[in-house]
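Presented below is the structure to which this report refers.
The values are calculated or read from the model by the stated rules, or taken from the named source; none is laboratory data. Fair warning: this is a prediction, and the values are worked out from it, not measured in the lab. Every residue, glycine among them, receives a Cβ derived from its backbone with ideal geometry; neighbour counts consider all protein chains shown.
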Amino acid sequence: VYPTEESRPDYICIDKGCQVFATAVANGSWDIWKKTTRFIVDAYHYINHRVLDYLCQKFCNPSPGDGSAPNLVVLAYDKNGRAYLKRAFNTQVCEQLNAWLGGYQSILKCMTPGNFNWFLHTMLFYRTKYVLHKQEMKKSEEDEEENLGLDEEAQDAEDN
């Protein structure tokens, strides 16, 4: 899918990314990828693996605090003004997106790289529109419920 170093992403968030990483190390392909890309795992996967799986702990951390991946960690402040490091990337969204894309696996694996990229970008475009529309509808419903509650309170005040 990524024939040149320039075409490779900086990060790949993938379910069981530590297994993909271990396979790449074992078969020697990691030597090619390590210059350009880092495999990261979902935050919950990392929490469950970090104690027992050294490779996952060392190389697939979705929010390393050692400065090795500054795009994955941002400085934030708690309510008392104290600084702390926070994940800049929502890996749960990746999990959900990967699960959704899994439904297209049989179609995608048969495509040429150009068709794959076009199809994937098109599907992501429409998925984004769908998710944003769904969020807008939810917000509208919440706003409507709040307005209904306020109207009831105003009516109760007038009646008394």
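Quick grid of which residues meet (1) modelled with pLDDT of 85 or more; (2) within 29 Å of residue 63 (Cβ to Cβ):
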{"site": "83", "(1), (2)": "yes, yes"}
{"site": "88", "(1), (2)": "yes, yes"}
{"site": "93", "(1), (2)": "no, yes"}
{"site": "110", "(1), (2)": "yes, no"}
{"site": "131", "(1), (2)": "yes, yes"}
{"site": "134", "(1), (2)": "yes, yes"}
{"site": "137", "(1), (2)": "yes, no"}
{"site": "146", "(1), (2)": "no, no"}
{"site": "150", "(1), (2)": "no, no"}
| Can you name the number of the only condition in (1) within 19 Å of residue 19 (Cβ to Cβ); (2) touching a strand residue (DSSP E or B) at 6+ places or on another chain (Cβ under 7 Å) that residue 58 fails? | (2)
| said: Among the residues in the stretch 18-39, are any touching a Ser or Thr at 6+ places or on another chain (Cβ under 9 Å) and closer than 19 Å to residue 96 by Cα? | reply: no
| field | Unmet requirement for residue 13, which otherwise passes all of (1) hydrophobic (A, V, I, L, M, F, W, C); (2) out of contact with any strand residue (DSSP E or B) (no Cβ under 6 Å at 6 or more places or on another chain); (3) under 30 Å from residue 110 (Cα atoms) | value | (2)
| query | Which is at pLDDT 90 or above and surrounded by 13 or more Cβ atoms within 10 Å (Cβ to Cβ), of 36, 23? | reply | 36
| message | List the residue pairs whose Cβ atoms are under 7 Å apart, where the first residue sits in the stretch 121-142 and is without any contact (Cβ under 8 Å) to a residue 24 or more places away in the chain, the second is not β-branched (Val, Ile, Thr), and the two are 6 or more positions apart or on different chains. | response | 123/104
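Quick one: is residue 48 assigned by TED's automatic domain parsing to the domain that holds residue 21, out of contact with any Cys (no Cβ under 7 Å at 6 or more places or on another chain) and over 16 Å from residue 22 (Cα atoms)?
Yes.
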| field | Members of the stretch 24-55 that are out of contact with any strand residue (DSSP E or B) (no Cβ under 8 Å at 6 or more places or on another chain) and β-branched (Val, Ile, Thr) | value | 25, 32, 36, 47, 51
| Among the residues of the stretch 31-76, which ones are outside any loop (DSSP other than H, G, I, E, B), within 17 Å of residue 14 (Cα to Cα) and either of a type in the set (Val, Ile, Thr) or touching a Gly at 6+ places or on another chain (Cβ under 6 Å) (or both)? | 39, 40, 47
| Quick check: is even one residue across the stretch 52-75 under 21 Å from residue 105 (Cβ atoms) and surrounded by 17 or more Cβ atoms within 10 Å (Cβ to Cβ)? | no
| query | In the stretch 99-119, how many residues are surrounded by 13 or more Cβ atoms within 10 Å (Cβ to Cβ), of a type in the set (A, V, I, L, M, F, W, C) and more than 23 Å from residue 42 (Cβ to Cβ)? | reply | 3
